[in-house]
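The numbers here are math on the coordinates, done by the rules we state, and not lab data. Everything numeric here is computed off the predicted structure, so don't read it as measured data. Cβ atoms come from the backbone with ideal geometry, glycine included; neighbour counts cover every protein chain shown.
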Amino acid sequence: MSNSTTTAIDIKKIRAQFPVLNQEVNGKPLIYFDNAATSQTAKSVVDALIKFYEKDHANIHRGIHTLAERSTKGFEETRERVHQFINSEEADEIIFTKGTTESINLVAQSWGSKFLKKGDEILISQLEHHSNIVPWQLAAERTGAIIKVIPINEKGEILLDAYKKLLNRKTKLVAVNYVSNSLGTINPVKEIIELAIAQGAITMIDAAQAAPHIKIDVQDLNCDFLALSSHKMYGPTGVGVLYGRRDLLEVIPPYQGGGEMIKDVSFNGTTFNDIPYKFEAGTPNIGEVIAFKFAMDFIDEIGHENIQAYEHELLEYANSKLKSIPGFTPIGTADKKTSVISFLIRNVHPYDLGQLLDAKGIAVRTGHHCTQPLMDFLEIDGTVRASFAVYSTKEEIDVFCESLQKIVARFN
Ligand code: C6P
């Protein structure tokens with residue numbers, strides 16, 4: 001059978017974790033190919049959320065009553081789980097945030113205010129999401145630092161030689177994504193980090209698009225900071241992680257002031273809590289953090305290697321079929337990619353294509369994908385982006401390609 005798979009994936013078992021996929025949209029079975037924007041939530045995660053709100057809801061680190069102890073235990077168990085999941089040296093190096101955006105803003109504000117000064121250079125790449133551009137622009141405005149952009153080639157790959165030339169003694173920080181959200185390029189982050197370290201620069205890795213697909217090991221990467229979002233990893237929205245090296249987290253100032261992040265407060269002054277609490281002011285998304293643990297369990301039960309192999313098979317399958325669609329132009333053809341296909345079709349505007357696919361029950365994202373500088377480099381306004389997850393199937397790709405064929409036939 002042309003669409004059988006060769007990888008160790010029990011797709012029936014996996015899809016059983018996502019009842020949301022069993023519905024019709026506009027009279028057609030839903031095909032959800034917008035996973036780079038946000039993935040669907042595993043049932044085990046939803047069950048954990050329901051359990052929290054039905055049985056355990058209490059604030060954390062404050063009460064001594066049973067419910068408060070339960071919720072605190074669940075919350076801290078997720079911290080331990082993230083520590084294992086990304087192999088940090090210690091659980092205290094894991095800070096919970098609202099998402100990747102907040103994690104990067106935290107570093108830009110806290111680390112930036114302590115360490116950046118006039119004339120310092122921040123290197124980011126042409127591939128970055130606005131979340132890894134704008135916080136650095138704000139930090140540069142506050143401090144007088146300068147942003148320099150690492151160029152890419154027409155395939156959407158970072159030019160390492162150009163990067164090496166940009167690095168110098170003024171480079172204080174290198175902030176790049178592990179995987180591009182718009183193109184799916186997997187960047188050589190280990191090499192990028194190694195080169196940054198050789199110049200004495202700090203590294204910030206935006207792993208929002210890597211965490212669902214690639215095993216992350218912060219000690220092996222040797223990065224200083226790394227950010228990810230639970231909602232792209234089959235987990236709940238409103239939860240992100242900032243990993244930071246202990247010695248850095250200890251010396252940088254708090255990001256926000258409020259409850260939880262203090263040791264002692266008086267009108268004469270305040271002493272701050274130890275890490276990670278110093279960076280967790282106010283009541284967090286407790287239930288969502290607790291449920292996030294089950295998303296990591298879901299990923300680890302399948303295994304990153306199996307996920308990557310299966311999704312790669314989907315990518316190759318889709319690429320081979322899409323090639324035959326008249327006027328199809330792939331955008332981003334890096335040698336190493338996750339399961340993201342950005343494309344344009346001659347004579348069809350991406351928004352029209354997105355709407356016409358939605359009418360057939362197929363969810364894709366259209367537009368600039370929060371990467372306007374990348375779109376400027378590519379000299380386009382946007383793309384259509386289909387992004388697969390571990391529950392996506394070749395049968396869905398068949399329907400997607402047939403639907404595109406029909407749409408294209410109407411326009412060309
Ligand atoms: N990209 C996409 O459709 P938040 O929203 O904070 O969870 O993640 C922001 C973010 C940061 N970096 C990268 C590489 C990302 O892809 C994203 C989110 C979504 O591509 C929504 S714009």
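Counting only other residues whose beta carbon sits under 14 Å from that of Val408, what net charge do I get with K and R as +1, D and E as -1? The partial results should precede the final answer.
Numbers: positive: Lys321, Lys323, Arg346, Lys360, Lys406, Arg410; negative: Asp352, Glu402.
Taking every other residue near Val408 into account, the sum is +4.
Name the shape class, rounded, prolate or oblate, that the alpha-carbon gyration tensor gives for region 46-300, where a ≥ b ≥ c are the square roots of its eigenvalues, rounded holds for a/c under 1.5, and otherwise prolate holds if a/b is larger than b/c and oblate otherwise.
Cα axes put region 46-300 in the oblate bin.
Using 0.36 nm per residue, how much length does the chain from Lys73 to Glu194 gain when fully extended, once their Cα-Cα distance is taken away? Present the calculation step by step, with values, prior to reporting the outcome.
On the way: separation 121, 0.36 × 121 = 43.56 nm, distance 3.70 nm.
Roughly 39.9 nm would be gained on extension.
Taking the Cα centroid of region 301-339 and of region 342-409, what is the distance between the two, rounded to the nearest whole Å?
14
Add -39500 (n - 2.57) for each DSSP H run of 4 or more in the chain, then divide by its residues: what number comes out at 222 nm, to the nearest 500 deg cm²/dmol?
For the chain, the value works out to -11000 deg cm²/dmol.
For the chain, set up a GNM with springs between Cα atoms under 10 Å and report which of Gly74, Gly259, Gly27 has the largest fluctuation.
Comparing Gly74, Gly259, Gly27 in a Gaussian network model of the chain, the most mobile one is Gly27.
Given 0.36 nm per residue, what is the gain on full extension from His130 to Glu89 after removing their alpha carbon distance, in nm? Write down the numbers at each step before the final one.
On the way: separation 41, 0.36 × 41 = 14.76 nm, distance 2.95 nm.
In short, 11.8 nm is gained.
Would you mind putting 54-63, 213-222 in packing order, based on average other-beta-carbon counts within 10 Å, highest first?
Details: 54-63: 14.7, 213-222: 17.8.
Final packing ranking: 213-222, 54-63.
Specify whether the C-alpha gyration tensor of region 131-181 places it in the rounded, prolate or oblate class, a ≥ b ≥ c being the square roots of the eigenvalues: rounded for a/c under 1.5, otherwise prolate if a/b is larger than b/c and oblate if not. Please report the intermediate quantities before stating the final value.
Details: a/c = 2.60, a/b = 1.38, b/c = 1.89.
Because a/c hits 1.5 or more and a/b fails to exceed b/c, region 131-181 counts as oblate.
Do any GluC sites (Glu not before Pro) in region 338-401 lie in a DSSP loop with no more than 10 other beta carbon atoms within 10 Å, and if so, which?
Sites meeting the loop and neighbour criteria: Glu379.
Rank by packing, highest mean first: peptides 329-340, 93-104, with packing defined as the count of other Cβ atoms within 10 Å averaged across residues.
93-104, 329-340
Quick check: net charge around Thr171, other residues with Cβ under 15 Å of its Cβ, Lys/Arg +1 and Asp/Glu -1? Intermediate results must be reported in sequence, preceding the final value.
Values: positive: Lys117, Lys118, Lys148, Lys164, Lys165, Arg169, Lys170, Lys172; negative: Asp120, Glu121, Glu194, Asp224.
For residues surrounding Thr171, the net value is +4.
What length, rounded to one decimal in nm, is gained on full extension from His349 through to Thr237, with 0.36 nm per residue of separation minus their alpha-carbon distance? The partial results should precede the final answer.
Working: separation 112, 0.36 × 112 = 40.32 nm, distance 3.04 nm.
Extra length available between His349 and Thr237 comes to 37.3 nm.
Decide, for region 195-350, between rounded, prolate and oblate: order the square roots of the alpha carbon gyration tensor eigenvalues as a ≥ b ≥ c, take rounded if a/c falls under 1.5, and otherwise choose prolate if a/b is larger than b/c, else oblate.
Since a/c reaches 1.5 and a/b is larger than b/c, the shape of region 195-350 is classed as prolate.
What is the spin-label model distance, in nm, from Lys117 to Phe411 if the labels are put 7 Å beyond Cα along the C-beta direction?
Each label point lies 7 Å from its Cα, and together they span 5.4 nm.
May I ask you to derive the FRET efficiency for Glu395 and His57 from their Cβ-Cβ distance with R0 = 35 Å, giving the value to the nearest 0.05?
Taking R0 as 35 Å, the efficiency between Glu395 and His57 is 0.30.
Please give the Cα centre distance for region 169-205 versus region 215-247, rounded to the nearest Å.
15
Select from Lys278, Lys394, Lys165 the residue whose mean-square fluctuation is largest in a Gaussian network model of the chain (Cα-Cα springs shorter than 10 Å).
Lys165
If R0 is 30 Å, what FRET efficiency do you get for Asn222 and Asp300 from their C-beta distance, rounded to 0.05?
Plugging the Cβ-Cβ distance into 1/(1 + (r/R0)^6) gives 0.85.
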